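What follows is a set of notes on a single structure, which appears directly below.
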Amino acid sequence: MHRVLVAEDLYLLRDGLVRLLEAHGFDVVAAVKTGPELLKGLLELRPDVSVVDVRLPPTHTDEGLQAALAARKAIPGLPILVLSQHVQQLYARELLADGSGAIGYLLKDRVFNAAQFVDAVNRVASGGTAMDPEVIAALLAPAPSDPLSTLTPREHDVLAHMAQGLSNAAISTTLHLSESTIAKHTAAIFTKLDLAPSDDTNRRVQAVLTYLQTRHPPT
């Protein structure tokens, strides 16, 4: 009997997943609804497999995937089955990067029956992979030319507010995050946009120009 952790913020879907898994012989050791709860459960309970939604509170952006990546870094090979509304290409690549298997990535609207889902959970728990064909197609697609394509949803938010002329302190207040967290996101943006170390003010200008040119290219 595989021990399963479920991470889903919507009550009806979370309860439905728990009931479905228990009906098929799984032992659901925890059902959580936030990113911090997920990471704590993964590290402390070390379930045989976890069914993880991508977007969890508190910000509903990428907490589920971030927690999964952090847990896999701390516990290599920890089995994770991601459920998502769409493909997060960068994160899917990161999850698969270590080559240790025990990873699944299914699109919610393409899970058509219980047997398909249960089979995927069992495969991931046993160290295999369960990838939706659309996810595989996205991973095999050429890298997009959009320089912003590697940014996470949260980094997009920070850059968008930066483009409005807001300081890190102002962005921190607007997004309800600590100023140190905003500084980390800003540093990640500079790195991903390949902006060489220089005066931070200059790099902010360059980052904003990249954002504006990509979102509103000259005609």
Item to complete: Relative to the longest principal axis of the C-alpha atoms of the chain, give the angle of the C-alpha long axis of helix 114-125, reported between 0 and 90° and rounded to the nearest 10°.
Response: 80 degrees
Worksheet item: How many lysine pairs does the chain hold where the Cα atoms are under 27 Å apart and the two sit 8 or more places apart or on different chains?
Response: 10
Fill in: Cβ-defined net charge surrounding residue 130, 15 Å radius [Lys, Arg +1; Asp, Glu -1]
-1
Worksheet item: What does the highest-first list of 19-29, 63-73 look like by mean Cβ count within 10 Å?
Response: 63-73, 19-29
Worksheet entry | Accessible surface, per residue, of the chain when the full set of protein chains is kept, probe 1.4 Å, Å² | 50 Å²
Fill in: Rounded D (µm²/s) - the chain, Kirkwood Rh over Cα pairs, Stokes-Einstein at 20 °C, 1.002 mPa s
115 µm²/s
Discussion item. With an 8 Å Cα cut-off and a minimum separation of 6 or more residues, compute the relative contact order for segment 1-130 in percent.
Written reply: 22 percent
Worksheet item: Once Lys and Arg get +1 and Asp and Glu get -1 on their Cβ, which of 70, 83, 180 lies farthest toward the positive end of the dipole of the chain?
Response: 180
Response to the item:
The size of the Cβ-based charge dipole (Lys, Arg +1; Asp, Glu -1) of the chain about the Cα centre, to the nearest 20 debye, is 120 debye
Worksheet entry | Extension gain from residue 109 to residue 138, taking 0.36 nm per residue of separation minus the Cα-Cα distance | 8.8 nm
Worksheet item: Stretch residue 40-residue 15 to full length: gain in nm at 0.36 nm per residue minus the Cα-Cα span?
Response: 7.0 nm
Worksheet item: Roughly to the nearest percent, how much of the accessible area of segment 40-145 is carbon and sulfur, given a 1.4 Å probe?
Response: 56 percent
Worksheet item: If the chain between residue 59 and residue 126 were fully stretched, how many nm would it gain, using 0.36 nm times the residue separation less the Cα-Cα distance?
Response: 20.9 nm
Discussion item. I'd like the orientation of helix 200-215 relative to the chain: the angle between its Cα long axis and the longest Cα principal axis, in ° from 0 to 90, rounded to 10.
Written reply: 70 degrees
Worksheet, complete the sentence: Here the FRET efficiency for residue 170 versus residue 33, based on Cβ atoms and R0 = 25 Å and rounded to 0.05, is 0.25
Worksheet entry | Environment charge at residue 110 (Cβ cut-off 10 Å; Lys +1, Arg +1, Asp -1, Glu -1) | -2
Item to complete: Could you work out how far apart the two model spin labels at residue 183 and residue 206 are, taking each label as a point 7 Å from the Cα in the direction of the beta carbon, and quote it in nm?
Response: 2.1 nm
Worksheet item: Angle, helix 153-163 long axis vs. longest principal axis of the chain, Cα atoms, 0 to 90°, nearest 10?
Response: 20 degrees
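The values are calculated or read from the model by the stated rules, or taken from the named source; none is laboratory data. Predicted model only: the values in this text are computed from it and were never measured. Neighbour counts run over all protein chains shown; Cβ positions are idealised from the backbone, glycine included. Note: areas computed on protein heavy atoms with side chains; ligands, DNA, RNA excluded. Shrake-Rupley method; radii C 1.70, N 1.55, O 1.52, S 1.80 Å.
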